[in-house]
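Novice: Here it is, the structure, as structure tokens.
Read-outs: derived from the displayed coordinates by stated rules, not from any lab. In this text the structure is predicted, and so the values were computed from the model without any measurement. Neighbour counts run over all protein chains shown; Cβ positions are idealised from the backbone, glycine included.
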Amino acid sequence: MTLLNSSFQSIRDWDNAHFLHPWEGMAYLGNNDRTFAESGQGIHVITADDSRLIDGPAGMWCVQLGYGNTEIADAMAQQAKEMAYFSPFNNANSAPAQLAHEIAKRTPGDLNHVFFTTGGSTAVDSALRFVQFRNNLLGKPEKKIVISRQKAYHGSTYLAASVSGKERDKGWLDQATHLTRFLPNVNPYTRSPDQTLDDFLNEKIDDLENMILETGADKVAAFIAEPILCSGGVIVPPQGYHKRCLEVCRKYDVLYISDEVVTGFGRLGHWFASEDVFGIQPDIITCAKGMTSGYVPMGACIISDRLIADVSGENAQDATFSNGFTYSGHPVSAAAGLKTIEIMERDGVLEHVRAITPLFEERLQALGELPLVGDARGMGLVGCVECVADAGADDTLDLDKSVGTLIDRHCQENGLILRPIINMCVFSPPLIITESELNKMFDILEMGIRLATEDLTRQGRFRA
């Protein structure tokens, strides 16, 4: 479909007049000049003016198999023809039953119970509600506090937003602050120059244990952690961090929730990163995004047998876990998920990610040598370049926003979409990206950073 006709301005006007977008900047409401992504093929999106752009963020960390995959589209269409919807409250359906089985085969340890949701936020909400439900049945109604981290992002539904730790998302909306505690930033880049990585790691582990002790272990229900804090700036904690956090949680009977909404389904070269990459078996895993390759909404909260046993059978106390959604286990979404798994296994996508990761990391680290770049970090096929124009400027935030905007503009003009987060350039391309496409992506990104540096230098706003 193309919008290059006389009606395009009307459509842009309708978008501004009627489509309230996520994270809408209210000062600019009705006056945005957004890029219209109208079609796509492989790793590229094609805009309304026929520009062909590499999709650096893979949509929103989710289009694992790229655009225009007719196998996924055909599987969805066939399922819609056969059975477009069923009530998960009253009936069952083969597609989600099979998908739950396939997911359980790929999860670590005894995480075998799959609760389907509409996306990542509702997956996290469901995980937190299950934790509350379990503790109520165990006679621990006071054990409800959830520990999270600064820079964490877990969703925008009420409970998920409450355990998110991105400061600028909390300015004008309420959260369940009585249920949450936050640990300091785990980004090694922020440590003082004289602090070793081992000392920084020990400090972060102490932060968790001290928070549990200060709050009271009888009140702390869970610790929730993304393996990599993705929306917070692709923050990779020090090696061994997750294993040691799990040990602390076990010591104080605190459940460990691993939020794999971004890292699940291949982003780090494995179905799930918790065990295969970070060596842990959490109590609950949440996932979404890549499980359908972004072709249709779906999420899941995956719960261990051990936790389920505490609240089922003879331990059920005639209780009902009264949490669910009209579209839990939607058959069309399940068909997309099943076909995504099939294609990823048949085509060796996980192996491809592991094979191409060294080149990704090599090109990423090379960007760290540019004068404007303060840190270049990432893992698997997710990366971030954090730029610092002038650490001593009076208008640091405004300057940081200018840096991100400039780089984003130059990259898009040269064929690459990024996800600018203030002064950070975040990217997580489709998992099917080839070596030549990956090199082109980094070539454009490097060019964008250099051009932005020239702009800032001319403005007298860059000081190396």
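Novice: Any of 219/251; 219/243; 105/339; 170/401; 151/204; 105/144 with alpha carbons more than 20 Å apart? Name them for me.
Specialist: Violating the 20 Å Cα-Cα cut-off are 219/243; 105/144.
Novice: Also: Put a dot 7 Å past each Cα toward the Cβ at residue 218 and residue 35; how far apart are the dots in nm?
Specialist: Those two pseudo-labels are separated by 5.6 nm.
Novice: A further question on this structure: Once R0 is set to 22 Å, what does the formula 1/(1 + (r/R0)^6) return for the Cβ-Cβ distance between residue 252 and residue 110, expressed as a FRET efficiency to the nearest 0.05?
Specialist: The calculated FRET efficiency here is 0.60.
Novice: Using unit Cβ charges (K, R positive; D, E negative) and no other charged atoms, how large, in debye to the nearest 20, is the dipole of region 1-104 about its Cα centre?
Specialist: The calculation lands at about 120 debye.
Novice: Determine the percent antiparallel among the DSSP beta bridges restricted to the chain, to the nearest 5.
Specialist: Taking every DSSP beta bridge within the chain, about 65 percent pair in antiparallel fashion.
Novice: Find the centroid of the Cα atoms in region 90-148 and in region 20-49, then give the distance between the two in whole Å.
Specialist: First find each Cα centre; the distance between them is then 33 Å.
Novice: Which of 139, 150, 303 sits closest to the plus end of the dipole of region 72-346, meaning its Cα is farthest towards the positive end, when Lys and Arg get +1 and Asp and Glu get -1 on the C-beta?
Specialist: The residue sitting farthest along the positive end of the dipole is 150.
Novice: Working out 0.36 nm times the residue gap between residue 51 and residue 12, then minus their Cα-Cα distance, what length gain in nm do you get to one decimal?
Specialist: 12.3 nm
Novice: Determine the gain in length on full extension of the stretch residue 169-residue 89; use 0.36 nm per residue of separation and subtract their C-alpha separation, reporting nm with one decimal.
Specialist: Result for the pair: 25.4 nm of gain on full extension.
Novice: Please list the non-local residues whose amide H lies under 5 Å from the amide H of residue 112, H modeled 1.01 Å from N, same-chain partners needing a gap of 5 or more.
Specialist: For residue 112, whose amide H was placed from the backbone, the distant partners under 5 Å are 303, 305.
Novice: Further question: How far apart, in nm, are two points set 7 Å out from the Cα along the Cα-to-Cβ line at residue 317 and at residue 435?
Specialist: Result: 6.0 nm between the two label points.
Novice: What is the dipole size for region 250-393, taken about its Cα centre, with +1 at each Lys and Arg Cβ and -1 at each Asp and Glu Cβ, in debye to the nearest 20?
Specialist: 260
Novice: To continue, here is another question. Name the aspartates and glutamates eligible as straight-distance cross-link partners of residue 289: C-alpha to C-alpha under 19 Å, and not fewer than 8 places from it in the same chain.
Specialist: Once the sequence-local aspartates and glutamates are set aside, what remains near residue 289 is 55, 71, 102, 125, 226, 259, 260, 342, 345.
Novice: Can you tell me the order of 180-191, 326-337, 78-89, 13-24 when each peptide is scored by its average per-residue count of other Cβ atoms within 10 angstrom, highest first?
Specialist: By packing density, highest mean first, the sequence is 326-337, 180-191, 78-89, 13-24.
Novice: Considering only 127, 326, 217, whose Cα is most displaced toward the positive end of the charge dipole of region 72-346, charges sitting on Cβ of Lys, Arg (+1) and Asp, Glu (-1)?
Specialist: 326
Novice: Simple spin-label model, 7 Å along Cα-to-Cβ: residue 179 to residue 74 in nm?
Specialist: Calculated label separation equals 4.5 nm.
Novice: So how strong a dipole does region 72-346 carry about its Cα centre when Lys and Arg Cβ are +1 and Asp and Glu Cβ are -1, to the nearest 20 debye?
Specialist: 440
Novice: Taking the dipole about the Cα centre of the chain, with the C-beta of Lys and Arg at +1 and of Asp and Glu at -1, give me whichever of 232, 280, 404 is farthest to the positive side.
Specialist: 280
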